[in-house]
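*Asks:* Provided herewith is a single structure, encoded as structure tokens, for subsequent inquiry.
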Amino acid sequence: MSLTDILSPSDIAAALRDCQAPDSFSPKKFFQISGMSKKSSSQLKEIFRILDNDQSGFIEEEELRYFLQRFEHGARVLTASETKNFLAAADHDGDGKIGAEEFQEMVQS
């Protein structure tokens, strides 16, 4: 399964266009424009599984840097500040990584 099986390719493209400039990425805005914030819990679990590149059950800081590239191969890498802000916004238990429940909470809030 791929992200385009769950999300509209045109919505993904619009979300990526919105954050092309360095330090312009906002997770909340990206989730809204891409349509993620309207997906069901089971769809979000599947999206999380796809984004969890190493299948560890968590999205770590290094995976977050390449978050946009999981949606489109040529997309830019998140800046260090974008990555740290993204992690801080989702990592509720402070373990330095984002679990599936934390991801779902962030997307749906």
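The values are calculated or read from the model by the stated rules, or taken from the named source; none is laboratory data. Owing to the predicted nature of the structure, the values given are computational and were not obtained by experimental measurement. No Cβ is skipped: glycine too gets one built from the backbone with ideal geometry, and neighbour counts run over all protein chains shown. These accessible areas exclude ligands, DNA and RNA; they are computed on the full protein's heavy atoms, side chains included. Shrake-Rupley method; radii C 1.70, N 1.55, O 1.52, S 1.80 Å.
*Asks:* Averaged over every viewing direction, what's the projected area of the C-alpha convex hull for the range 28-79? Give it in nm², one decimal, please.
*Replies:* Computing the convex hull of the Cα atoms and averaging its projections yields 3.9 nm².
*Asks:* Something else: Take every Cα pair under 8 Å in the chain that's 6+ residues apart, average their separations, divide by the length, and report that relative contact order as a whole percent.
*Replies:* RCO, the chain: 26 percent.
*Asks:* Moving to a separate point now. So if I take the centroid of the Cα atoms in the range 7-63 and the same for the range 67-109, what is the distance between those two points in Å?
*Replies:* The distance from the Cα centre of the range 7-63 to that of the range 67-109 comes to 8 Å.
*Asks:* Which FRET efficiency value, to the nearest 0.05, do you get for S8 and K84 by plugging their Cβ-Cβ distance into 1/(1 + (r/R0)^6) with R0 = 35 Å?
*Replies:* On the way: r = 29 Å, r/R0 = 0.84.
Working from the Cβ atoms, E equals 0.75.
*Asks:* Would you mind telling me the share, in percent, of accessible area of the chain contributed by carbon and sulfur at probe 1.4 angstrom?
*Replies:* That fraction is 49 percent.
*Asks:* Where the Cα atoms of the chain are projected onto their three principal axes, how long is each span, largest first, in whole Å?
*Replies:* 34, 31, 26
*Asks:* Treating only the Cβ of Lys, Arg, Asp and Glu as charged (+1, +1, -1, -1), what charge dipole size does the chain show about its Cα centre? Round to the nearest 20 debye.
*Replies:* 460 debye
*Asks:* Follow-up. Considering the options A21, A88, L51, tell which one lies farthest towards the positive end of the dipole of the chain, charges being +1 on Lys and Arg and -1 on Asp and Glu at the Cβ, about the Cα centre.
*Replies:* Value computed over the given set: A21.
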